[in-house]
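Some notes on the structure that comes next.
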2 protein chains.
Amino acid sequence: MRHSPYPARVETWAAVDSLRVVREYADRPITEPELHRILNAARRAGSSRNKQRWDLLVVRDRARLRALTEVAPYGTHMAQAAAVIAIVTPDPRLPDASLAITWDSGRAAQNMVLTAWELGIGSCPITVYEPDRLREILGYPPTHHAPFMLALGYPADPKVLEQPKRPGGRKELDEILHQETW
Amino acid sequence: MRHSPYPARVETWAAVDSLRVVREYADRPITEPELHRILNAARRAGSSRNKQRWDLLVVRDRARLRALTEVAPYGTHMAQAAAVIAIVTPDPRLPDASLAITWDSGRAAQNMVLTAWELGIGSCPITVYEPDRLREILGYPPTHHAPFMLALGYPADPKVLEQPKRPGGRKELDEILHQETW
């Protein structure tokens with residue numbers, strides 16, 4: 001059993017390379033120091049002209065976690081998550097909205113995902129399909145949107161943390177790489 | 001002087017927490033193994049339904065790096081970068097385009113930025129203001145767009161890698177955090 005609040009130490013590339021989505025969670029809470037570090041990882045992220053156009057809304061109440069499953073057909077595992085973090089931004093779909101709103105929030109999300117992974121905590125990004133229902137549940141104002149959330153939790157099967165990569169899980173580099181010009 | 005292709009080892013949280021934007025670069029190339037790892041960091045990123053809607057276009061030719069400065073008023077430092085990586089995606093501004101195109105490419109970018117940082121390589125995200133000119137320079141098809149690029153290079157001043165954070169550089173956590181509901 002681990003006793004320090006931050007026991008795991010994973011090098012950056014190892015975290016990037018070993019990361020996988022976790023959708024089955026142990027019945028084990030994320031501690032306050034762990035959650036704090038994960039949230040700070042988003043807070044620390046860079047953003048276009050340092051605008052930091054994000055709020056973070058953390059849900060840990062079990063009934064509310066269950067309610068969240070109504071907003072995402074591929075998000076039923078939120079009901080078992082230790083926490084869900086909604087990344088709330090200004091409306092990214094307004095005609096004059098900067099793409100950086102969404103790009104920056106993706107960068108902040110990846111900071112959280114990798115920071116969680118180092119702590120042995122798995123995560124799964126959730127795409128929101130029912131934004132009106134989500135606003136009802138979470139109560140943010142009409143000016144704001146939360147197109148993406150992260151479900152977080154210790155993996156039900158800790159072996160996932162060291163599992164080999166699935167062959168064919170990603171395109172090969174030469175399929176996506178261009179040198180100098182297209 | 002370092003001899004191994006991958007000498008640096010930085011724990012994930014330390015990379016997230018210490019990362020800063022680097023806009024002044026040493027006249028020192030990024031090695032092939034280093035570049036390969038950085039590109040693979042993007043390739044490894046998760047994406048909505050594993051669609052991997054990204055191509056990576058790497059520019060290292062000095063004349064082309066100079067030309068890239070024409071597309072971004074805040075990107076003059078690209079002329080001195082060791083490499084610029086354009087993240088090319090399907091058009092994210094089409095009315096029915098998924099926000100995940102942009103969100104996922106932000107996640108991939110953050111993987112690259114952190115992986116580079118572990119190697120002692122700095123980076124700076126570039127917002128593209130002249131997309132038509134960028135397409136002329138890089139030659140990708142009209143179906144594709146590259147709203148964001150990363151400039152990469154060893155810092156002119158290596159002390160930046162261990163510099164303390166600028167006070168007030170980010171909002172405090174309690175300014176952006178909401179528990180359970182807004």
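The values are calculated or read from the model by the stated rules, or taken from the named source; none is laboratory data. From a predicted model like this one, the values you see are computed outputs, not experimental measurements. Using ideal geometry, Cβ is built from the backbone for each residue, glycine included, and neighbour counts are taken over all protein chains shown. The area values use the complete protein model at the heavy-atom level, side chains included, leaving out ligands, DNA and RNA. Shrake-Rupley method; radii C 1.70, N 1.55, O 1.52, S 1.80 Å.
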As a test of the definition: with a 1.4 Å probe, what buried accessible area, both sides summed, do you compute for A against B, in Å² to the nearest 100?
7100
How far, in nm to one decimal, is B:Lys51 from itself in the other copies if the label point is set 7 angstrom along Cα toward Cβ? Shortest first, please.
2.3
Copies of B:Asp132 compared via label points 7 Å along Cα→Cβ give distances in nm, shortest first, of 4.0
Size of electric dipole in the protein assembly as shown: Cβ of Lys, Arg +1 and of Asp, Glu -1, about Cα centre, debye, nearest 20:
380
Candidates A:Glu24, A:Glu11, A:Glu70, ranked by Gaussian network fluctuation over chain A, Cα under 10 Å, top entry:
A:Glu11
Length-normalised contact order for chain B - Cα pairs under 8 Å, 6+ apart - percent:
32
Find, among the residues of chain B, the one whose Cβ sits nearest the axis of the rotation taking B to A; state the distance in whole Å.
B:Gly106, 1
Along Cα→Cβ at 7 Å, what distances in nm separate the A:Leu173 label point from those on the other copies, shortest first?
3.6
Largest fluctuation, B:Ala67, B:Ala42, B:Ala109 only, Gaussian network model of chain B with Cα springs under 10 angstrom, belongs to B:Ala67
Please report the base-10 log of the normalised intensity I(q)/I(0) for the protein assembly as shown, using a Debye sum with one equal scatterer per alpha carbon and no solvent, at each q in 0.11 (1/Å).
-0.71
Run the reach check for A:Lys165 against aspartates and glutamates, Cα to Cα strictly under 14 Å, same-chain hits fewer than 8 apart removed. What comes back?
A:Asp17
Please list, in chain and number order, the residues 5+ apart from B:Val10 or on another chain whose amide H is under 5 Å from its amide H, with Hs placed from the backbone.
A:Thr12, A:Trp13
Whole-percent carbon and sulfur contribution to the accessible surface of the protein assembly as shown (1.4 Å, no ligands, DNA or RNA) stands at 51
Once Rh is set to the Kirkwood radius over Cα pairs, what Stokes-Einstein translational diffusion coefficient, in µm²/s, holds for region B:34-155 at a temperature of 20 °C and a viscosity of 1.002 mPa s?
149
Top positive-direction residue, dipole computed over the protein assembly as shown with Cβ charges, set A:Gln110, B:Ile101, A:Thr89:
A:Gln110
The set of residues whose placed amide H lies less than 5 Å from the amide H of A:Ala83, leaving out same-chain residues fewer than 5 positions away, is A:Leu152
Can you give the accessible area per residue of the protein assembly as shown, in Å², using a 1.4 Å probe?
45
List for region B:82-104: residues with 20 Å² or greater reduction in accessible area, all protein chains versus chain alone, probe 1.4 Å?
B:Arg93, B:Leu99, B:Thr102, B:Trp103
